[in-house]
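Laboratory data are not the source of any read-out in this text; all were calculated from the coordinates shown. Computed from a predicted structure; not experimentally measured. Methodologically, a virtual Cβ is constructed for each residue, glycine included, from the backbone with ideal geometry; neighbour enumeration extends over all protein chains shown.
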Amino acid sequence: QVQLVESGGGLVQAGGSLRLSCAASGSISSFNAMGWYRQAPGNLRELVTVISSGGSTNYVDSVKGRFTMSRDNAKNTVYLQMNSLKPEDTAVYYCKAERVGYYNWGQGTKVTVSS
């Protein structure tokens, strides 16, 4: 089982930036997709962005133009660059790795955006 460890969360003012990392204990090349999800207090976990094994990305409308997901297969790490952060981006951010018949989650990293 590949372990996923997120890092990079913290407290930032509105308009600021953070870069989240998700480091895998094994190769991420075997996964069809890697994704970032977030869960705000009282809300369901929602998909923020996903990157395919080929590198194509999709984003939820609310973060388009502000967030960028990337992957470094050599480092077995995916990243989420978050710019122009808003208070509504406040949530715990989770990394997810998927392939046919298998998925795994990281433990999450908390992002708090103050107004």
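For the reader, a short list of remarks on this structure follows.
- Contact order relative to length of segment 7-98, as percent, for alpha carbon pairs under 8 angstrom and 6 or more apart: 39 percent
- From phi via Karplus (6.51, -1.76, 1.60), per-residue ³J(HN,Hα) for segment 54-60 in Hz, x at Gly/Pro: x, x, 6, 10, 9, 10, 5
- For the pair Asp61 and Val2, label points projected 7 Å from Cα toward Cβ lie 3.2 nm apart.
- Cα-based reach from Lys86 at 21 Å (exclusive), listing lysines while leaving out same-chain residues under 8 positions away: Lys64, Lys110
- Couplings 3J(HN,Hα) of segment 100-112, computed from phi: 4, x, 7, 8, 8, 10, x, 8, x, 9, 8, 10, 10 Hz, in residue order, whole Hz [Karplus 6.51 cos²θ - 1.76 cosθ + 1.60, θ = phi - 60°; x for Gly and Pro].
- Each other residue within a Cβ distance under 12 Å of Thr49 adds +1 if Lys or Arg and -1 if Asp or Glu, for a net charge of +3.
- Take 15-28, 59-72 and order them by the average number of nearby Cβ atoms within 10 Å per residue, most first; the result is 15-28, 59-72.
- Given R0 = 22 Å, the distance between the Cβ atoms of Gln39 and Ala74 translates into a calculated FRET efficiency of 0.15.
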